[in-house]
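Just below is one structure, and these are the notes that go with it.
The values are calculated or read from the model by the stated rules, or taken from the named source; none is laboratory data. Source: prediction; values computed, not measured. Counting neighbours? That spans all protein chains shown, and the Cβs are built from the backbone with ideal geometry, glycine included. Calculation scope for accessible area: heavy atoms of the full protein, side chains included, ligands and nucleic acids excluded. Shrake-Rupley method; radii C 1.70, N 1.55, O 1.52, S 1.80 Å.
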Amino acid sequence: MDWEPLRQQLEQILKGHVTLSKWTWDQWQRHAEAESKDKGTVPKSLKQAGHCFFFVNREGHEVQVLQIDAERVTPAERQLVELMLEARRAQEAKLPVSISEEERQAGAVRDWFKQQQDLGLVNAEMPDNLVSQMSLYSTKIPLLLYGDYSQSRRVSYQELKKLLESFFDAEMILIPLMDKEWLILGSEKMLSMDAADERDYGEEDSLEDTLGAIGFGLHEMLENEWVGECHLAIHYPMMPAKSLYSTVLQLRETMMLGRTYHLGSNMHLPWMLQLEKLINLIPEAEKTNFLERVLKRLDVALDSETMTTLEHFFQLDCNVSETAKKLYIHRNTLLYRLDKFKQETGLDVRTFNDAVLVKIALLLYKVTKRK
């Protein structure tokens, strides 16, 4: 149940700030037992440190709690809020849960995924009954979506599926994996549709370009029309019946690498993160030693301006003229910055060997120096 509308109503009625947060079940029990010692009954709300905390709902090992300034609530109002929350919980318990057969099947796949993950497997072939139920015999394009929406928001399976099918104008398979994490499987026909659009303009993109276009288009729509900030990873077409589990693990790795080494980028492509994948396998001590050897004066050499300059320089294939245009600076200004970096570090990024070393050092520096 979405408790956000109720929170807003209480805020208007009590004329004070009301927040909805989560506690652990053990935390709530501990405080409740401490308050109930002298009363003999289990309290439905707590009063501590100038605040009233109301028990809203329990979800597994977590408890949703409403917090209100104690001075805003009279004893009578406190009892009324407790009664109102109790009535809402009772009402929710009586409501029938309407789940479509399609959503039930997706939930079965999610449960199977969790079982394999709990076993620590890296490869697992799906049972035939799940494959047939979800029609996973044909080639699919897999995408992994992680929504950075608030804890209080509930995202509907049907709502998201309808949005995806409207965007792609095709049937999509949606599988909820974990909290805020969704697996999306699209038809391989999406590639030919995108390629046809490109041919209209006299161009023909590679498979990676086409997949990237699909991912960026979907990501833009989701951020603008659905959850706001979210992360999306896409992978090569695959046969779900054989490799869906391993593909999900690869998608998760892709998203982890993108979020670790490229802050600010929310679209993650595996073919753009191959160097990052190799670097991530290096032990932490070796990463630090490498940085110390390659860049003798780290903090001096890599100020924010230099970091930005080098990142654009590498993105544009070490092209001086194009980098200067991208940074809106004169070509000589860029050359001055690169010469200054060379003087401070002994590395000239206009040469291939030094450019490779500095590129790796930049990736490591972001991780080892992050606070």
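Computed values, structure above
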item: Rg [Å, one decimal], Dmax [Å, integer] - segment 3-93, C-alpha atoms; result: 12.6, 34
item: Descending semi-axes in Å of the chain, equivalent ellipsoid built from Cα gyration tensor; result: 46, 32, 20
item: 12 Å reach of a label modelled at Lys15, 7 Å along Cα-to-Cβ, counting backbone N of segment 57-81; result: 72-73
item: Net charge of Cβ neighbours under 14 Å - reference Thr333; Lys, Arg +1; Asp, Glu -1; result: +3
item: Accessible surface of Lys15 - all protein chains present, 1.4 Å probe, nearest 10 Å²; result: 150 Å²
item: Accessible surface of the chain, 1.4 Å probe, proportion on carbon and sulfur as whole %; result: 51 percent
item: Simple spin-label estimate for Thr74 and Glu253 in nanometres, 7 Å along Cα-Cβ; result: 6.4 nm
item: Two-decimal log10 I(q)/I(0) for segment 252-366, as the Debye equation yields it once each C-alpha is a single scatterer, q = 0.13, 0.22 Å⁻¹; result: -0.52, -1.33
item: Taking segment 101-274 and dividing mean pair separation by its residue count, relative contact order in percent (alpha carbons under 8 Å, at least six apart); result: 31 percent
item: Residue-level accessible surface for His231, protein heavy atoms, 1.4 Å, Å²; result: 10 Å²
item: Surface per residue (accessible, 1.4 Å probe) for the chain, Å²; result: 56 Å²
item: In degrees, nearest ten, helix 240-261 long axis to first principal axis of the chain (Cα); result: 80 degrees
item: Rounded to 10°, Cα long-axis angle of helix 284-294 versus longest principal axis of the chain; result: 30 degrees
item: Cα-based shape type of segment 101-274, given that a ≥ b ≥ c are square roots of the gyration tensor eigenvalues and the cut on a/c is 1.5; result: rounded
item: Extension gain from Glu4 to Glu220, taking 0.36 nm per residue of separation minus the Cα-Cα distance; result: 75.2 nm
item: Extension reserve of the Asp205-Lys114 stretch, reckoned as 0.36 nm per residue once the Cα distance is removed; result: 29.1 nm
item: Nearest-10 value in Å² for the accessible area of Trp182, using the 1.4 Å probe; result: 20 Å²
item: Residue (of Ser206, Leu347, Asn266) at the positive-pole extreme of the chain, dipole from beta-carbon charges; result: Leu347
item: Rounded FRET efficiency, nearest 0.05, which uses the C-beta distance separating Leu275 from Ser138 and R0 of 56 Å; result: 0.95
item: Prolate/oblate/rounded call for segment 45-89, Cα gyration tensor, a/c under 1.5 rounded; result: oblate
item: Helix-only [θ]222 nm of the chain, DSSP H runs n ≥ 4, -39500 (n - 2.57) each, per residue, nearest 500; result: -17500 deg cm²/dmol
item: Contact order relative to length of the chain, as percent, for alpha carbon pairs under 8 angstrom and 6 or more apart; result: 12 percent
item: Helix 352-368 axis, angle to the chain major axis (alpha carbon atoms, nearest 10°); result: 20 degrees
